[in-house]
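Taken together, the values in this text are just the output of simple stated rules run on the coordinates, not laboratory data. These numbers were taken from a predicted model, which means no experiment stands behind them. Cβ placement follows ideal geometry from the backbone for every residue including glycine, while neighbour counts extend to all protein chains displayed.
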Amino acid sequence: MKKFLINAFSALLVALLPAEAAIARTYPDALAKAGKHPIVIFIYGANYDKVGQKAHEEFVKKNKIAPYIKQATFLEMPLYQQPNEREKKDMEKRLGNKRLPGGIWSYPCLAIVDSGGNLRAVVQKPEEMKDPEVALAALKVHLDNYYKQEKILERARKAKGDRKADHLLEAADIDIAMPGNVLGKNADGDTGLGNRVGYDPTALVEALQIMSFDEANAHVRKMMAQGGFSKLQRQMMMAAYAGHLRRGGEKKQTASKERLRALYTEMRNIDPKSTYGAYAEGALVIWVEGGTLTEEAVPAEINRVGTTPDDGDSSGRSSGDSSGSGSGGGSGRTAMGDTRISGDDAGAEDDDFADSEPDDEGDDF
Amino acid sequence: MSARLIQLLAGSFLFFCIGVTVFPVLFPTKVEKKVTTVARTETVIKRDHQVDDWETEEADEDDAAWQEEPEDTTPDRRIASQDDETFDEEDVPIDPKQNVVPEARVHAQFTSALGEMRRFAPALEKQEAENYKNDEFKAADWADPEKIYFSLTDRILNKLGKLDETTIMRKLQEPAFRLDLARITLIRKAGSQALRGVCTRPKGKEMLASLTSDLNWMTNLLHSGPTKKMDQALCYLETLYGLVGEQEMSNPVTRRIATTTALEFAREGWNENDMTARFKYYNDSWKEGKLNVALDNLQYWETRVVTGCKQPGDGAGSWGGPRNLAWHRDNVRLPMEQYLGAECQLEYRLRNVAGDSVFSSEYLAPIWKYVNFTTGWAYREIGGVCGALSHYATYSALAAGLPAATMGEPGHCAYAMRIGNEWHRGNSIYWQHSLHKTFWGEHEWGYLILTQKLYEERFKTLSADIMVAMADFLTARRKMKAAFTCYEIAVKTQPNNWPALKRYAAYLKFKAPEDKEKWMTLHDAVMDGMGKNHYHAAATMLARYVYPNLAPLIKDRAKLNKMYSGLFNHFKDWGANRWDIAPILNAQISTCTTDDDKRAYLKESLRVLMRRPDYSGAVLTWGLGYISQLPEGDGKIQEDFTNMLVQAMGRTGASKKDIDETWATLGEAIHAAAKNKERRTFQAIGKLAHRKCKKKFNKKGPRVKGFSGRVVSATAWIDTATTIGDMSQCCLHWGVLQRFGGVMPGKFEGKAGLTIGMEKKCDITGVVCVSTEEKLKNDRPFYIETSDDGMNWYRAAPNGVISGNQIRFDLKKSNVSGKYVRMLREGDKYEPGIAGFYVYGAPQRN
């Protein structure tokens, strides 16, 4: 009886979601209703996870999610561990003949799915999901990005050739997953879009292995100049290139610390908040400064900017293109905290082409 | 003058007599020392002549102790710590009625006892719900554990009266009696001195009083798996008791987490700080409702798998530290079923995007701070190989409070995960699993399943465990007859009880090593009990603990061979998982004392095992391996064995129905021949497979433009560096050397590649390798090395020329020779399939 009342109350609250939000009872129903709008699925462990049950209470039963859904379709999806017959039937009813998209790492979560069943974004981090306010703020960002990306994709659908590719690249730069294989389907040869889709970090590492430092530099800079790569991909290229110089190898000395400093700084400044921004910063500490990473803040000195006069440009702009996104995010506010020292950070952001300090270790540059 | 002289002489004599009398009184030690020293050893005396002051010093020390400490005539009351491997009998009078080995009993003679034990199990379940408590021994009493021990032994023996099995079983049904027995068991396992040590800790006495007044707690502490280093476990438990206090410790889940953590950390020898951190992680997470609710209902043994997970230290690189567990708990929250496969959250990367190998410290080095020194998080960001992937999935489940364990496979890391009551393999590619978390030190999969099945029958197993505890007590009190009875009832009650069987076998060896009937009864008990479902464990139990004792007692060799082959006749298939039969066959053949015995044994074993498709390949593999390890001698036994094995292979079926089994059997055998570098056997099996299973081979081989000379590799053995999991296709490796070609996996990395061993040393004019890949990678060169002995290798120039799917090595002008040839590649790992490998040239005359 108690369960019945709770369910009835819950159903009532869900029914009270704002009028523009569509409520779906099943996943196929949600996919059918969604149209151009996203589906927001609240997925939680219903019979094994107290955290999930608490989140369900907060997000759904207390109806805190309602103001954020707006035109999206909302679906509540309980997951059962070792389900009994009743629970199995409930799951079957909710999923119909569909499967939830892969790529979700943890529950409870708020999954944003399009009408094609593509997972576009997930709010799943514990620090987000433990607080509805934080989670819903993150959800809002994703939903805004969704509409922004869809708008560009719509333009791409209408465009052809290079313009279409440009629109697709612009859409892909938005911090939300692209639907299905839309990039792959439209990627063609050595275009920027083709570069982005076809990028293979392992292949680059292997290709660099047998190159001299000069050849490696030319190879990486040429790739970057071709354009189309995401910030993450450009950081990966820099990691491969710097790694090659750091290790040296047969008939090759390792590059000088100043050279490495320049490369890792450049790599970090592409996007300091990303994983590879942090990687670059860690590399500066241990491989340039010879320090160790501790739980203490990274010493500010490591942010001194090295320079790479003959290295080229990792901004991601195609040659001749001055309107690209550039080496964004070089604010000095990094994934490991603010490590700038005043006076140096201007160089860190903009001055990739300043004179380098003398390189007395005699590397190939 | 003469009178004066007489007076002087008399005076001197008197003085001498007084001196002789008084001296020993005044200087007793010195004199006694001398006497003692002289009396003790001749060596000492000799040394006395050699080194003047040596004897005195040594003797002083020795004798001072000997003389100044009066002999302690009171019996030593200390109770020594008792492990599961030995039997410690106390210094008590022997009751003649109990000092006999009871006759071996057949199964029917246990009917009444087993009926009683069947009723005992539900009684235990019912009584657990009632949770019997008795606080007879207060905190202060534990300062003198010997006093408690001796008062309890008297009480128990008085209650048991004549020590007949009916009385024993009736008494064991009384909770108060069982609690007394548990207290005794605890004192014996920890040792009384160690208990005194526990009592000196701040909450020691209080914890002991609380623990020993609670039958459920005591039962779970003593009977939820191994109890190695109980003294340390009690110290750890005291720490946790002090940490949370009596009230929180009375919560069943907190108590379970604390007890299992203490038991496992003591058993593994891990330190107290890590133990406390692990306990806090699970206890706090549980209190905060962050763990999977399945943890709430785990048994103690299951909880030990969780709280005792490996790598307890905190920080970068550790999986079991609280920081990493907390990260997994919060970031990989899944229903139980989805942890199996959670490794898919990580990218598989042998090198990171910077090109650093996963096996180097540089791989994750720059990222540690970003991920707050959290191992799972680091690998999720950067990717990893099998080890990281398997640990990631395993520790995600463990962090949620679900049983799981990583396990090794040849050159690979996989994991085991429990869903419901079933264990599943994750990221597994081979049948050889070596679990990293075990209870009995047995790492194979079969034992995991055995452990699961054993404890699933919780109260049946508990009743047997209590009976073993009773037997151990009776052993200590020298009640041999009753002890035998209790051990035998225990192993009959729960035939899957590996530790109980092991303990009984050890006792039998200790007390009645030559009682053939008893060993035969144990043999049959293992076959009929554990041997019904748990083949590997049953075979190992026999090979390790029964055969070495039973075999010398059976004089009829034929009968013994029948018993050995009967083992495999008894098994339906591989059981829970394939297992390595070689140790069992080695144990059996090791009981053969002559070469004729060995021949007879092999003949009988092949007769039985070659009829069993599951085992036939394995027995051939074993046989080939056995031959290769035999000392050279006159080579007769090797030849006989080889002939017997080849004949046995020849008898394998070639009909449509049998062909797949024959193919798999021969595949396994040819793989063993290649690994043993047995060229003749390799060729014999290859030809046999070609004759029997012709359809499995290609009709036409690859088109190859050769070099001068003939193909000298056709009669060689060939081996690949790849670890082969499924050996059923290995006869195609032989095909790789033949004109019609074959298939084998290639793996080129460093000095790992493709190796052949030819019949004779040859002058080599060229080599052609044909791949199954249409277009081979050509960014790195392939090259050839040759050797005369298979140990010392020399690189031949020039490197291979890659064209499409072929690599050609033109060695005409290189003056290359060797008996062994291998093809290698520079650069990173590359694994193209191989369809043909042909060495051209001519055999040398000498």
Worksheet item: Too long at a 31 Å Cα-Cα cut-off: which of B:Lys97/B:Lys189; A:Lys151/B:Lys290; B:Lys171/B:Lys518?
Response: A:Lys151/B:Lys290
Worksheet entry | Solution diffusion estimate, µm²/s, Stokes-Einstein, the range B:659-790, Kirkwood Rh from C-alpha pairs, 10 °C, viscosity 1.306 mPa s | 102
Worksheet, complete the sentence: Fraction of alpha-carbon pairs in the range B:501-560 farther than 13 Å apart, rounded to whole percent, equals 59
Response to the item:
Taking the convex hull of the alpha-carbon atoms of the range B:162-223 and averaging its shadow over every direction gives an area in square nanometres of 4.7
Practice prompt. At 10 °C and 1.306 mPa s, grab the translational diffusion coefficient of chain B from Stokes-Einstein with a Kirkwood Rh over Cα pairs, rounded to a whole number in µm² per second.
Written response: 49
Fill in: 5 Å-binned pair-distance histogram of the range B:370-434 (Cα, whole percent)
4, 19, 25, 23, 17, 9, 3, 1
Fill in: Percent of C-alpha pairs per 5 Å bin, the range B:339-399, short to long
4, 21, 30, 25, 14, 5, 0
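Can you give me the relative contact order of chain B as a percent, contacts being Cα pairs under 8 Å and 6 or more apart?
Working: 1339 pairs, mean separation 66.4, N = 846.
Result for chain B is 8 percent.
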Item to complete: Give me Rg over Rh for the range B:570-693, both radii from the alpha carbons and Rh done the Kirkwood way, two decimal places.
Response: 0.95
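Please report, largest first and rounded to whole Å, the three semi-axes of the ellipsoid equivalent to the range B:238-337, where each semi-axis is the square root of five times an eigenvalue of the C-alpha gyration tensor.
Equivalent-ellipsoid dimensions as semi-axes: 19, 17, 12 Å.
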Worksheet item: Magnitude of the Cβ-charge dipole of the range B:158-212, K/R +1 and D/E -1, about the Cα centre, nearest 20 debye?
Response: 220
Practice prompt. Taking just the C-alpha trace of the protein assembly as shown, give me its Rg and Dmax in Å.
Written response: 38.5, 155
Response to the item:
Sorting B:Leu560, B:Tyr504, A:Ile39 by the position of each Cα along the dipole of the protein assembly as shown (Lys, Arg +1; Asp, Glu -1; all at Cβ), the one nearest the positive end of that ordering is B:Leu560
Fill in: Taking all pairs of distinct alpha-carbon atoms in the range B:188-231, Kirkwood radius in angstrom
11.0
Discussion item. Looking at the calculated P(r) for the range B:162-279, what percent of the C-alpha pair distances fall above 21 Å?
Written reply: 36
Fill in: Using distinct alpha-carbon pairs, which all enter the 1/r mean, Kirkwood radius of the range B:643-711 in Å
13.4
Practice prompt. List the DSSP H helices in chain B whose Cα atoms stretch 15 Å or more along the helix axis and whose mean Kyte-Doolittle hydropathy is at least 0.0.
Written response: B:2-26, B:175-190, B:230-249, B:386-399, B:445-456, B:458-476, B:480-493, B:613-629, B:659-675
Worksheet item: Structure shown: which of B:Lys532/B:Lys559; B:Lys502/B:Lys532; A:Lys61/A:Lys89; B:Lys687/B:Lys761 lie over 24 Å apart, alpha-carbon to alpha-carbon?
Response: none
Worksheet entry | Debye-sum result for the range B:387-499 in log10 I(q)/I(0), which assumes one identical scatterer on each alpha carbon, at q = 0.11, 0.13 Å⁻¹ | -0.48, -0.60
Response to the item:
The ratio Rg/Rh over the Cα atoms of the range B:313-359, Rh being the Kirkwood inverse mean 1/r radius, stands at 1.04
Item to complete: Kindly state, to the nearest 0.05, the FRET efficiency for B:Asp596 paired with B:Arg710, given R0 = 41 Å and r defined as their beta-carbon distance.
Response: 0.40
Worksheet item: Once amide H atoms are built 1.01 Å from N in the peptide plane, which residues 5 or more positions from B:Leu754, or in another chain, come under 5 Å H to H?
Response: B:Met823
Worksheet item: Given a Förster radius of 35 Å and the C-beta distance between A:Asn84 and B:Asn251 as r, what FRET efficiency does 1/(1 + (r/R0)^6) yield to the nearest 0.05?
Response: 0.80
Response to the item:
About its Cα centre, the range B:461-518 carries a charge dipole, from +1 on Lys and Arg Cβ atoms and -1 on Asp and Glu Cβ atoms, whose size in debye to the nearest 20 is 180
Discussion item. Give me the dipole magnitude in Debye, nearest 20, for chain B about the Cα centre, with unit charges on the beta carbon: positive for Lys and Arg, negative for Asp and Glu.
Written reply: 4660
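Give the whole-number value, in cubic angstrom per residue, of the convex hull volume spanned by the C-alpha atoms of the range B:290-442.
On the way: hull volume 16.7 nm³, N = 153.
Hull volume over Cα atoms, normalised by residue count, gives 109 Å³.
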Worksheet, complete the sentence: When the charge dipole of the protein assembly as shown is computed with +1 on Lys and Arg Cβ and -1 on Asp and Glu Cβ about the Cα centre, the Cα farthest towards its positive end, among B:Met207, A:Thr254, B:Ala689, belongs to B:Ala689
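For a footprinting-style exposure proxy, rank B:Tyr545, B:Tyr840, B:Tyr395 by other Cβ within 10 Å, fewest first.
Values: B:Tyr545 20, B:Tyr840 24, B:Tyr395 30.
In order of increasing Cβ crowding within 10 Å: B:Tyr545, B:Tyr840, B:Tyr395.
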Practice prompt. Apply the Kirkwood formula to the range B:469-536: the hydrodynamic radius equals the inverse of the mean of 1/r over all pairs of different alpha-carbon atoms; give it in Å with one decimal.
Written response: 12.1
Discussion item. Can you compute the equivalent ellipsoid semi-axes for the range B:489-646, i.e. the square root of 5 times each eigenvalue of the Cα gyration tensor, sorted largest first and rounded to whole Å?
Written reply: 28, 19, 12
